[in-house]
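Please treat every number below as a calculation from the coordinates, not as lab data. Please read all numbers here as calculations on a predicted model, not as lab measurements. Cβ placement follows ideal geometry from the backbone for every residue including glycine, while neighbour counts extend to all protein chains displayed.
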Amino acid sequence: MAEAVAFYIFAALILSFAVAVITAKSAVHSVLFLVADFLCVAGLYVMMQAQFLAVIQVMVYAGGIVVLYLFVVMLVNLKKPAEAYVHPRRLGRLGLVMSLAVFAELAAIATYGWLKPAGVGGALEAKNIEQVGRALYTDYLVPFEVASVLLLVAMVGAIVLAKREL
């Protein structure tokens, strides 16, 4: 009974912080609400006896990813008005083609995950680091790499937006 109450409390906190992330007026406040959301998700992991995932959640997401978001918020001047000038060498069509390619990759990954046979890539039976690493670099390699590419694109995009001339 106590576990159910704790689960519903964490779930309510996660939902309320997620709404606060979206509705916050300041980008910095939004990032702080995101940290609180990540910490509540780590609390859910602890409740499920997945302490390794909870520690990784705090270290990677609440630590590293949020720092990346704060750098983006600080590099990009959000109060600056939009520029009317469009650079003549802007490659809008190439960007559209690349975004369609990424969307096709994500659709292929989702389709593969949906059509995958029942015994392949199931839940981890033992809760140790070796099995987590094996699953991460075998069954979940493509989503892991997609996440790393998306983070790289976000960093490059922030740098490009922050810099006036390349």
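With r as the distance between the Cβ atoms of residue 22 and residue 74 and R0 = 22 Å, compute the FRET efficiency 1/(1 + (r/R0)^6) and round to 0.05. Mind dumping the intermediate values first?
On the way: r = 20 Å, r/R0 = 0.93.
About 0.60, to the nearest 0.05.
Could you calculate the contour length gain from residue 160 to residue 49, that is, 0.36 nm times the residue separation minus the distance between their Cα atoms, to one decimal place in nm?
On the way: separation 111, 0.36 × 111 = 39.96 nm, distance 4.21 nm.
Extra length available between residue 160 and residue 49 comes to 35.8 nm.
Put a dot 7 Å past each Cα toward the Cβ at residue 5 and residue 93; how far apart are the dots in nm?
Placing both labels 7 Å beyond Cα along the Cβ direction yields 6.5 nm.
What FRET efficiency would be calculated for the residue pair residue 131, residue 103, taking the C-beta separation as r and a Förster radius of 25 Å, to the nearest 0.05?
Numbers: r = 32 Å, r/R0 = 1.28.
E between residue 131 and residue 103, to the nearest 0.05, is 0.20.
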